[in-house]
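Report on one structure; see the data block that follows.
What follows draws every value from the coordinates through simple rules; no lab data is involved. Bear in mind the structure is a predicted one, so any value in this text is a computation, not a measurement. So basically every Cβ, Gly included, is an ideal-geometry build from the backbone, and we count neighbours across all protein chains shown.
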């Protein structure tokens, strides 16, 4: 018997991916601003 359905698992993985994407975007933003600051 499956306690967690495939849909629930997919939803969980999607949320996890969103969080990873958000943190990656924040990191890229920081790198971008650091790079821009070092060029001036």
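Within the set (1) 13.5; (2) 12.4; (3) 10.6, the number that Kirkwood radius over Cα pairs in Å takes when calculated for this structure is listed as (2). Under the simplified labelling scheme, the residue 35-residue 19 pair shows an inter-label distance of 2.8 nm, with each label point 7 Å from Cα along Cα→Cβ. With respect to the chain, whose longest principal axis is taken over its alpha-carbon atoms, helix 6-39 is tilted by about 0°.
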